[in-house]
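Student: Mind looking over this structure? Questions follow.
The values are calculated or read from the model by the stated rules, or taken from the named source; none is laboratory data. None of these values were measured; they are calculated from a predicted model. Reconstructed Cβ throughout: ideal geometry from the backbone, glycine too, with neighbour counts over all protein chains shown. Quick note on the areas: whole protein, heavy atoms, side chains included, nothing else; ligands and nucleic acids left out. Shrake-Rupley method; radii C 1.70, N 1.55, O 1.52, S 1.80 Å.
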Amino acid sequence: MCTNALVVYCVSQSVRRTIVTTLAVSFLLQLAYFGSLLFLVWRAGCDRRTV
């Protein structure tokens, strides 16, 4: 996350763009994490029903 912020700042030289991009990446990572948890719970439920 910090590396992403540093790279965005070095490329754009804009604090505002760095903050917005870092927040967007953070949101996408959280969304992917939540989606993977939902998938694992769903798969565990399907495995339990087949046994």
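Student: Give the residue that is surrounded by the most Cβ atoms within 10 Å (Cβ to Cβ), with candidates limited to residues of region 26-49 that are under 19 Å from C2 (Cβ atoms) and of a type in the set (G, A, S).
Tutor: Filtering region 26-49 down to residues under 19 Å from C2 (Cβ atoms) leaves 26-30, 32-33.
Next cut, of a type in the set (G, A, S) only: 26, 32.
Values: S26: 13, A32: 10.
Among residues in region 26-49 that are under 19 Å from C2 (Cβ atoms) and of a type in the set (G, A, S), the one surrounded by the most Cβ atoms within 10 Å (Cβ to Cβ) is S26.
Student: Going by the structure shown, is Q30 at positive phi and of a type outside the set (A, V, I, L, M)?
Tutor: Numbers: at positive phi: no; of a type outside the set (A, V, I, L, M): yes.
When the stated conditions are applied, Q30 does not pass them.
Student: Within region 10-25, track down each residue that is open to solvent by less than 90 Å² (accessible area, probe 1.4 Å) and not β-branched (V, I, T).
Tutor: Of everything in region 10-25, those that are open to solvent by less than 90 Å² (accessible area, probe 1.4 Å) and not β-branched (V, I, T) turn out to be C10, S12, S14, A24.
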